[in-house]
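S.K.: Following this message is one structure expressed as structure tokens.
The values are calculated or read from the model by the stated rules, or taken from the named source; none is laboratory data. As the structure is a prediction and not an experimental result, all values here were calculated from the model. Neighbour counts run over all protein chains shown; Cβ positions are idealised from the backbone, glycine included. Only protein heavy atoms, including side chains, enter the accessible area calculation; ligands, DNA and RNA are left aside. Shrake-Rupley method; radii C 1.70, N 1.55, O 1.52, S 1.80 Å.
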Amino acid sequence: MTTVKLPDGSLKEFDSTVSVKDVAKSIGSRLAKDALWGEIDLQPVELDYEIPEGAPVNLKIITKKDPNALATMRHSCAHVMARAVMRIKPGVQLAFGPTIDGGFYYDVECDEPLTEEDFPAIEKEMAKIIALDEPFERLDRPRAEAIQVCKDLSQDFKVEHIETGLADDESLSFYQQGEFLDLCRGPHIPSPRRIGAFKLLSIAGAYWKGDQSREQLQRLYATAFFTQAELDAHLELLEEAKKRDHRVLGKRLGLFHIDEMVGQGLVLWTPKGSFVRQKLQDFISEHLQRQGYDQVFTPHIGKLDLYKTSGHFPYYQDSQYTPLVDREYLSQLAEEGCTCGELSNLMNEGEIEGYLLKPMNCPHHIRLFASEQRSYRDLPIRLSEFGTVYRWEQSGEIGGLTRVRGFTQDDAHLFVTQEQLGQELIGCIELVKIIFGAMGMEDYTVRVGLRDPDSSKYVGDPGNWDLAEQACREAAQTLGKDFSEDPGEAAFYGPKIDFVVKDCIGRKWQLGTVQVDYNLPERFGLEYIGSDNKPHRPIMIHRAPFGSMERFIGVLIEHFAGSFPLWLAPEQGRILTVSDKSEEYGKRVESQMRNAGIRVKGDYRSEKLGAKIRDGQLEMIPYMMIVGPRDAENGTVSIRDRIDGDLGAIPVEKAIAKFQSEIADKTVRRKSS
RNA sequence: GCUGCUGUAGCUCAGUGGUAGAGCGCGUCCUUGGUAAGGACGAGGUCAUGGGUUCAAAUCCCAUCAGCAGCUCCA
């Protein structure tokens, strides 16, 4: 008699010996078909495993749907990959080899570095190992013995990891497959046969334990699926994602250019890209006006003293462009025989005079606030600016529009009383909501950064911090969306709310941010006169709902895959003539449309219509208006919609009305697929 | 900043130790057509930059710059 207990608690009894597969069959044919392997008392077993008779055993049948099934298989595949590398390359030191979204990696260190040319050999060896079909066997060893095992294997990273990262573990588990033995928490699939299809993807450097001061390892990225079809689909998805990369689309659609001669991370906006950017600025400006913001302009540089007061110089000097040293000060230094080395030292110590390219806008806005005496009756004061700032980002970090060295924040600084803080934060969140809503972007995450209760690095009164954190939480709640609360993620000067989205290849980027600041008002000694006729210190809110125009548009290009909604499209419509005979009518329609405020161009080349349509389609033109003799006769245009294709002939006035209403509504139309 | 890869025509890319190729785009001409590529001809490149090896370098080596992936960082 065999008895199994299923995860739902139900018991199943069998008269004779049964395998896992038999149990699955007894539950349902679908389950029997989908079953990958079983788990008895959390240990993976093959489907043909004969369940021992006697006392009831806990059995779980694992299918593809099991959230851990794929990860378990991939991790086993990582072991196979590491084993294959060890067979091919001498002196391989293993570090970590976890599963990640979309695959897995293994960090290794070899005597001679791996290159992508080694991939075919590694994959071949992996296939061999899988064909051997040796099981993954778990071995548990007490601490001291485990360390000795790793020492015997000359696996220094594993020894270190047991001694530091796993310092509290009394017993450690290993998994063995053939000659390959690795410290591993498990679990693993019962046999390598379950590895359906795998592929090595790329190789990159990674620091041991993520520490820049430690050894740099080679990280071998790979992926695996249960079937070849799934792997192929995944690879195709990666290819598709590359096509919507904003750097690719930006070039193809002529939206921006980054020029080697101008400098790394410095964006040149083409007329088309500038148009999109301007439209977005107009859009947000309109809402700022409604919310009672005042727009200001401030220069791109400021005296070093300004940033010494704010604390940004020299403390954050590494992430700023080198200061512009004051002319007279520089010649004075030269006369004194100052060497370059000495000048550099003076800079490091912050002991120089001159100007800084502004790395942020707040000090300028603060000085505007301080330029007049303020009463509590004036508050809140909301100063906004599309302010361009410059930061010396690490060269390896720069790329596309998402990480640049010069960028324009849709910045504003609100000077508020403690009582006003909550309401103003809600107003800031409202703006973010309006923007994401207008773009149809729902796939973003919200993080509320709170202070780390164990740290003393924070400035400001703890009681006020509690109030501000609570205000941030309440403001975040008004989004009607889940948000995470991250202790320790607050800036040292105040709590914050961040908005994060993913790009086409899954990288996360912070867009909007709302931050409370107790620090700068203090450093600049800001005051307003309260109703008690005494000076009080205002609280500052920094906020940028887009984050930066560059990053936001980068993400937006990928979000729309280059197909901007009509109101944002640089070229909203294009007149296509069927032949040269319709050019005159085409030009008449073109000017009629333009007079109605529609941004149109004409394609009067002597190409065939099919070619013109193809070009327009590839350029993501929202509406193509085909004009031929029939249209000229009837006063119509034959509309071809970017999404829905041929809409037939309609009178020009009706087409204009249709476009105008779509523009006014800021309609976001997506291909329904 | 670190590791690896890459840099050839406006774009996408092929190519080999012996004086440079394709497709697209561009120009001219032919074609006058109704919903995703009509045809012919032509122009266009110090093969990223600077060194080195060699009789000979775009090709091999080194450095620099830039791009890509990842790591680290991001007030």
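S.K.: Which condition does residue A:381 not pass, out of (1) in contact with a Lys or Arg (Cβ under 9 Å, 6 or more places away or on another chain); (2) open to solvent by less than 30 Å² (accessible area, probe 1.4 Å); (3) closer than 21 Å to residue A:493 by Cβ; (4) within 14 Å of RNA strand B (Cβ to nearest atom), if it passes all the others?
M.R.: For residue A:381, the failing item is (4).
S.K.: I've got another one for you. Test residue A:525 against the criterion of being more than 12 Å from RNA strand B (Cβ to nearest atom) and in a loop (DSSP other than H, G, I, E, B), and give yes or no.
M.R.: yes
S.K.: Any residue that is among the aromatic types (Phe, Trp, Tyr), within 11 Å of RNA strand B (Cβ to nearest atom) and within 24 Å of residue A:127 (Cβ to Cβ) - is there at least one of those in the stretch A:204-212?
M.R.: No, the stretch A:204-212 contains no residue that is among the aromatic types (Phe, Trp, Tyr), within 11 Å of RNA strand B (Cβ to nearest atom) and within 24 Å of residue A:127 (Cβ to Cβ).
S.K.: Related question: Return the residues of the stretch A:108-141 that are in contact with a Pro (Cβ under 9 Å, 6 or more places away or on another chain) and assigned to a strand (DSSP E or B); say none if nothing qualifies.
M.R.: The answer is A:138, and nothing else.
S.K.: Can you run down the residue pairs with Cβ atoms below 7 Å, 6 or more apart or on separate chains, where the first is in the stretch A:256-279 and in a loop (DSSP other than H, G, I, E, B) and the partner is within 12 Å of RNA strand B (Cβ to nearest atom) and among the hydroxyl-bearing types (Ser, Thr, Tyr)?
M.R.: Qualifying pairs under 7 Å: A:264/A:395.
S.K.: Please work out which one of (1) farther than 30 Å from residue A:66 by Cα; (2) open to solvent by less than 50 Å² (accessible area, probe 1.4 Å) is the condition residue A:224 fails and give its number.
M.R.: Going through the list (1) farther than 30 Å from residue A:66 by Cα; (2) open to solvent by less than 50 Å² (accessible area, probe 1.4 Å), residue A:224 breaks only (1).
S.K.: Follow-up question, since we're still on this one. Going through the stretch A:492-503 one residue at a time, which ones are assigned to a strand (DSSP E or B) and open to solvent by 20 Å² or more (accessible area, probe 1.4 Å)?
M.R.: Here is the first cut: in the stretch A:492-503, the ones assigned to a strand (DSSP E or B) are A:494, A:496-502.
Of everything in the stretch A:492-503, those that are assigned to a strand (DSSP E or B) and open to solvent by 20 Å² or more (accessible area, probe 1.4 Å) turn out to be A:496, A:502.
S.K.: With the condition kept exactly as written, say whether any residue in the stretch A:62-71 is acidic (Asp, Glu) and either in a helix (DSSP H, G or I) or within 16 Å of RNA strand B (Cβ to nearest atom) (or both).
M.R.: Taking the stretch A:62-71 as the starting set, the residues that turn out to be acidic (Asp, Glu) are A:66.
Still in the running and either in a helix (DSSP H, G or I) or within 16 Å of RNA strand B (Cβ to nearest atom) (or both): none.
Taking every residue of the stretch A:62-71 in turn, none turns out to be acidic (Asp, Glu) and either in a helix (DSSP H, G or I) or within 16 Å of RNA strand B (Cβ to nearest atom) (or both).
S.K.: Return the residue satisfying two criteria in turn: it lies in the stretch A:636-649 and is among the aliphatic types (A, V, I, L, M), open to solvent by 30 Å² or more (accessible area, probe 1.4 Å) and closer than 16 Å to residue A:574 by Cβ, and of such residues it is nearest to RNA strand B (Cβ to nearest atom).
M.R.: Taking the candidates together, the pick is A:647.
S.K.: If you don't mind, there's one more thing I want to ask. Do you know which residues across the stretch A:89-118 are of a type in the set (A, V, I, L, M), near RNA strand B (Cβ under 10 Å from one of its atoms) and open to solvent by less than 60 Å² (accessible area, probe 1.4 Å)?
M.R.: Scanning the stretch A:89-118 gives a single hit, A:114.
S.K.: Count, please, the residues in the stretch A:96-107 that happen to be of a type in the set (A, V, I, L, M, F, W, C) and part of a loop (DSSP other than H, G, I, E, B).
M.R.: 1
S.K.: Does the stretch A:476-493 contain at least one residue that is among the hydrophobic types (A, V, I, L, M, F, W, C), under 22 Å from the mean Cα position of the chain (by Cα) and within 16 Å of RNA strand B (Cβ to nearest atom)?
M.R.: The initial filter retains those residues of the stretch A:476-493 that are among the hydrophobic types (A, V, I, L, M, F, W, C), namely A:476, A:479, A:483, A:490-492.
In the following step, the residues that additionally are under 22 Å from the mean Cα position of the chain (by Cα) were identified as A:476, A:479, A:483, A:490-491.
When the remaining residues are screened for being within 16 Å of RNA strand B (Cβ to nearest atom), the result is A:490-491.
Yes, the stretch A:476-493 contains at least one residue that is among the hydrophobic types (A, V, I, L, M, F, W, C), under 22 Å from the mean Cα position of the chain (by Cα) and within 16 Å of RNA strand B (Cβ to nearest atom).
S.K.: Out of everything in the stretch A:206-223 that is outside any strand (DSSP E or B) and in contact with a strand residue (DSSP E or B) (Cβ under 7 Å, 6 or more places away or on another chain), what residue ends up being nearest to residue A:113 (Cα to Cα)?
M.R.: Within the stretch A:206-223, the match that is nearest to residue A:113 (Cα to Cα) is A:215.
S.K.: Is it fair to say residue A:400 is modelled with pLDDT under 95, within 14 Å of RNA strand B (Cβ to nearest atom) and crowded, with 21+ Cβ neighbours inside 10 Å?
M.R.: Yes, satisfied.
S.K.: Looking at the stretch A:257-279, can you tell me whether even one residue there is open to solvent by less than 70 Å² (accessible area, probe 1.4 Å) and over 33 Å from the mean Cα position of the chain (by Cα)?
M.R.: No, there is no match, as no residue in the stretch A:257-279 is open to solvent by less than 70 Å² (accessible area, probe 1.4 Å) and over 33 Å from the mean Cα position of the chain (by Cα).
S.K.: Could you check how many residues of the stretch A:307-343 are over 33 Å from the mean Cα position of the chain (by Cα), assigned to a helix (DSSP H, G or I) and surrounded by 12 or more Cβ atoms within 10 Å (Cβ to Cβ)?
M.R.: Residues in the stretch A:307-343 being over 33 Å from the mean Cα position of the chain (by Cα), assigned to a helix (DSSP H, G or I) and surrounded by 12 or more Cβ atoms within 10 Å (Cβ to Cβ): 7 in total.
S.K.: Only one of (1) open to solvent by less than 50 Å² (accessible area, probe 1.4 Å); (2) assigned to a loop (DSSP other than H, G, I, E, B); (3) in the same structural domain as residue A:189 (by TED's automatic domain parsing); (4) of a type in the set (A, V, I, L, M, F, W, C) fails for residue A:82. Which number is that?
M.R.: (2)
S.K.: Then there is this: Looking at the stretch A:193-200, can you tell me whether even one residue there is surrounded by fewer than 20 Cβ atoms within 10 Å (Cβ to Cβ), within 16 Å of RNA strand B (Cβ to nearest atom) and either assigned by TED's automatic domain parsing to the domain that holds residue A:141 or closer than 19 Å to residue A:158 by Cα (or both)?
M.R.: Yes - at least one qualifying residue is present in the stretch A:193-200.
S.K.: Can we say residue A:506 is assigned to a loop (DSSP other than H, G, I, E, B), in the same structural domain as residue A:409 (by TED's automatic domain parsing) and closer than 30 Å to residue A:558 by Cβ?
M.R.: Criteria met by residue A:506.
S.K.: Here's another thing I want to ask about it. Any idea which of A:176, A:148 is in a helix (DSSP H, G or I) and more than 34 Å from the chain's Cα centre (by Cα)?
M.R.: Numbers: A:176 fails: in a helix (DSSP H, G or I).
After applying the criteria, what remains is A:148.
S.K.: Inside the stretch A:22-59, can you point out the residues that are surrounded by fewer than 18 Cβ atoms within 10 Å (Cβ to Cβ) and touching an Asp or Glu at 6+ places or on another chain (Cβ under 7 Å)?
M.R.: Correct list: A:57, A:58.
S.K.: Which ranges mark the helices (runs of 4 or more DSSP H) fully within the stretch A:541-631 that have 3 or more residues being within 14 Å of RNA strand B (Cβ to nearest atom), surrounded by fewer than 18 Cβ atoms within 10 Å (Cβ to Cβ) and at negative phi?
M.R.: A:609-618
S.K.: May I pose another question? For the stretch A:207-220, give me each residue that is touching a Leu at 6+ places or on another chain (Cβ under 9 Å) and surrounded by fewer than 16 Cβ atoms within 10 Å (Cβ to Cβ).
M.R.: A:207
S.K.: Could you please give the count of residues in the stretch A:270-306 that are within 15 Å of RNA strand B (Cβ to nearest atom) and out of contact with any Pro (no Cβ under 8 Å at 6 or more places or on another chain)?
M.R.: 3
S.K.: Looking at the structure I just gave you, is residue A:473 in the same structural domain as residue A:383 (by TED's automatic domain parsing), assigned to a strand (DSSP E or B) and open to solvent by 40 Å² or more (accessible area, probe 1.4 Å)?
M.R.: no
S.K.: Ok, one more. Give me the residue from the stretch A:215-269 that is within 8 Å of RNA strand B (Cβ to nearest atom) and of a type in the set (Gly, Ala, Ser) and, out of that set, modelled with the lowest pLDDT.
M.R.: Of everything passing the filter in the stretch A:215-269, A:263 is modelled with the lowest pLDDT.
S.K.: Taking the conditions exactly as written (touching a residue at least 12 places away in the same chain (Cβ under 8 Å) and not assigned by TED's automatic domain parsing to the domain that holds residue A:397), does residue A:287 satisfy them or not?
M.R.: no
S.K.: I'd like to check something: does the stretch A:180-191 contain any residue that is open to solvent by less than 20 Å² (accessible area, probe 1.4 Å), small (Gly, Ala, Ser) and farther than 28 Å from residue A:138 by Cβ?
M.R.: Checked against the condition, which is being open to solvent by less than 20 Å² (accessible area, probe 1.4 Å), small (Gly, Ala, Ser) and farther than 28 Å from residue A:138 by Cβ, the stretch A:180-191 yields no hits at all.
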